[in-house]
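Notes follow the structure.
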Amino acid sequence: MRFLPKVRCLFPYVLFIPAVIFLTYTGPVTVRYLEGLIPMDKCPLLPGQTLQKGDPIDASLDLWSRRDVQTCTYWGAPVMWEGMFDPEAYDLEHRKRGSSVALTVFAVGRYLDAYLTEFLRSAEQHFMPGLPVTYYVFTDAPERVAEVRLGAGRVLEVVQVQRQQRWQDVSMMRMRAIADAIDSRIRHRHPYVFCLDVDQVFAGRFGSEALGESVALLHAFYYHRPRAFYTYDRNPASAARMEGPGDFYYHAAVFGGSWQSVRNLTEACYRGVVDDKRKGVEALWQDESHLNKYFWLHKPSKVLSPEYCWARHVGYRGDIHVTRLLWAEKHYDTLRYPAGQ
């Protein structure tokens, strides 16, 4: 019997070793599948209640049509999932308002030839159908932007930017370029702005239901994970440092809102980048780290589910009923250029 305490101490290790062996052979796909079994938080409203804050049209959302996912936040923002909204009602309301959208996208270096044309073609099929849209393509090679047939009310403008020495600097400096474009062009033409990465392809409706005062996106890799596993920047020297637990992990591949809100966000993120450079530090995930800090301090008025930017290699998830925007195949080894190339 005196050996019993020792056996009990060894028991967790006996379970741990087979688990490690199992995950070693089955790989990250299994881990992501198991993550999908972790339930999300739930909307804190009572059944039958509707949202009282934000855009009045969001009060029409059926928050209880999706009991498998979180459909609203504790601060009263909707989390948009398939089955919650009537797309025709949203489109009709925004046409009545005369809504129009600026879509910014950066196609710098090798990313231009690899992704831009398919991005624009798919956007013409699925992005904000029925609304006027101006595509603002930021590039260091305007002469290489291919012609894409655009529908009525759709316009493409090319904005030349200076090429940065590192892809990380392209990622971070886009915040300054977007803020400048809002001041000089967008604010006079469009009430709404969406900012997207170019290495993505639209696969389904990405419509007016996504519009709001301040819009953030749940990262496809993190929305089922416990907060302890979010990769926020924790470096005390960085302006992006998260001092609190956070709400969600947001993906910088998609964000938007009114031009005023997007300008405030991009200005704040740019100031954080400049402050970090002055101190000789760089946030863990560059502009995404600064964006997560901003949305922790300034809660978004609308949150998009991972349907609005899905990665196929996450694997099967029962709560993803449609995919509206997909990560394109990544070729970081050939597309992300080193200094001087």
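What the table shows:
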| read-out | value |
| --- | --- |
| Selected residue (only one of Arg187, Arg174, Arg166 is at pLDDT below 95, within 16 Å of Glu267 (Cα to Cα) and out of contact with any Gly (no Cβ under 7 Å at 6 or more places or on another chain)) | Arg174 |
| Flag if Gly257 is surrounded by 17 or more Cβ atoms within 10 Å (Cβ to Cβ), at pLDDT 95 or above and closer than 17 Å to Phe295 by Cβ | yes |
| Residue count for region 223-276, restricted to those that are hydroxyl-bearing (Ser, Thr, Tyr), more than 16 Å from Pro300 (Cβ to Cβ) and in a helix (DSSP H, G or I) | 1 |
| Yes/no for Ala114 being over 26 Å from Ile182 (Cα atoms) and of a type in the set (A, V, I, L, M) | yes |
| Single unsatisfied condition, Val198 versus (1) open to solvent by 10 Å² or more (accessible area, probe 1.4 Å); (2) farther than 24 Å from Asp86 by Cα | (1) |
| Residue in region 277-288 that is over 17 Å from Arg174 (Cα atoms) and surrounded by 19 or more Cβ atoms within 10 Å (Cβ to Cβ) present | no |
| Sole exception among (1) part of a helix (DSSP H, G or I); (2) at pLDDT 95 or above; (3) of a type outside the set (A, V, I, L, M) for Gly204, by number | (1) |
| Any hit, region 225-244, residues being surrounded by fewer than 23 Cβ atoms within 10 Å (Cβ to Cβ), aliphatic (A, V, I, L, M) and closer than 29 Å to Arg324 by Cα | yes |
| Residue that is farthest from Phe194 (Cα to Cα), among those in region 74-107 that are small (Gly, Ala, Ser) and open to solvent by less than 30 Å² (accessible area, probe 1.4 Å) | Gly76 |
| Enumerated helices (runs of 4 or more DSSP H) restricted to region 28-138, each holding at least 3 residues that are closer than 28 Å to Tyr249 by Cα and touching a His at 6+ places or on another chain (Cβ under 9 Å) | 28-35 |
| Filtered residues of region 117-128 (kept if open to solvent by less than 10 Å² (accessible area, probe 1.4 Å) and in contact (Cβ under 8 Å) with a residue 60 or more places away in the chain) | Phe119, Ser122, Ala123, Phe127, Met128 |
| Qualifying residue in region 108-116 (condition: closer than 18 Å to Gly256 by Cβ, of a type outside the set (Lys, Arg) and buried (at least 17 other Cβ atoms within 10 Å of the Cβ)) | no |
| Any hit, region 207-215, residues being touching a residue at least 40 places away in the same chain (Cβ under 8 Å), assigned to a loop (DSSP other than H, G, I, E, B) and charged (D, E, K, R) | yes |
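Okay, residues lined up against (1) open to solvent by 10 Å² or more (accessible area, probe 1.4 Å); (2) within 30 Å of Lys53 (Cβ to Cβ); (3) in a helix (DSSP H, G or I); (4) in contact with a strand residue (DSSP E or B) (Cβ under 7 Å, 6 or more places away or on another chain):
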site	(1), (2), (3), (4)
Arg163	yes, no, no, no
Ala179	no, yes, yes, no
Ile182	no, yes, yes, yes
Val193	no, yes, no, yes
Leu217	no, yes, no, yes
Ala220	no, yes, no, yes
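The values are calculated or read from the model by the stated rules, or taken from the named source; none is laboratory data. Keep in mind it's a predicted model, so treat the numbers as computed, not measured. For neighbour counting, all protein chains shown are included, and Cβ atoms are generated from backbone atoms with ideal geometry for every residue, glycine included. Surface areas here come from the heavy atoms of the whole protein model, side chains and all, with no ligands, DNA or RNA. Shrake-Rupley method; radii C 1.70, N 1.55, O 1.52, S 1.80 Å.
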